[in-house]
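Undergrad: Mind looking over this structure? Questions follow.
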Amino acid sequence: MEKLKKPPLERKWYYCPYCHTKIVVYDNTAKAKGLYIKCRTCKKEIEIRI
Ligand SMILES: [Zn+2]
């Protein structure tokens, strides 16, 4: 049976805490630890904590 309903993924934006630019999209199954992304707008390195 291929008609199993998957729980809908809720997608959200992760915003830069400094300049509030959208950085990355994640869904509600995401778990991040020790992940760093450099913001393209303010050039600061941000630790993604989801
Ligand atoms: Zn920024």
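Undergrad: Take the range 15-50 and flag every residue that is open to solvent by 100 Å² or more (accessible area, probe 1.4 Å), of a type in the set (S, T, Y) and outside any loop (DSSP other than H, G, I, E, B).
TA: Start the filter on the range 15-50 by keeping residues that are open to solvent by 100 Å² or more (accessible area, probe 1.4 Å), which leaves 15, 18, 20, 22, 31, 33, 36, 38, 40, 43, 45, 49.
Now drop any that are not of a type in the set (S, T, Y), which leaves 15, 18, 36.
If the condition is that a residue be open to solvent by 100 Å² or more (accessible area, probe 1.4 Å), of a type in the set (S, T, Y) and outside any loop (DSSP other than H, G, I, E, B), then Y15, Y36 are the ones that fit.
Undergrad: So, in the range 13-48, of the ones that are under 10 Å from the mean Cα position of the chain (by Cα) and among the hydroxyl-bearing types (S, T, Y), which residue ends up nearest to the ligand (Cβ to nearest atom)? Walk me through it before giving the result.
TA: Start the filter on the range 13-48 by keeping residues that are under 10 Å from the mean Cα position of the chain (by Cα), which leaves 13-15, 22-28, 30-32, 48.
Among the residues that remain, those that are also among the hydroxyl-bearing types (S, T, Y) are: 14-15, 26.
Working: Y14: 11, Y15: 8, Y26: 17 Å.
The qualifying residue nearest to the ligand (Cβ to nearest atom) is Y15.
Undergrad: Something else now. Please verify whether K3 is open to solvent by less than 100 Å² (accessible area, probe 1.4 Å) and among the basic types (K, R), treating the condition exactly as stated.
TA: Numbers: open to solvent by less than 100 Å² (accessible area, probe 1.4 Å): no; among the basic types (K, R): yes.
It is false that K3 is open to solvent by less than 100 Å² (accessible area, probe 1.4 Å) and among the basic types (K, R).
The values are calculated or read from the model by the stated rules, or taken from the named source; none is laboratory data. Note that the coordinates shown come from a computational prediction; the quantities given were computed from them, not determined experimentally. When we count neighbours, we look across all protein chains shown, and the Cβ atoms used for this are built from the backbone with ideal geometry, even at glycine. Accessible surface areas use protein heavy atoms only, side chains included; no ligands, DNA or RNA. Shrake-Rupley method; radii C 1.70, N 1.55, O 1.52, S 1.80 Å.
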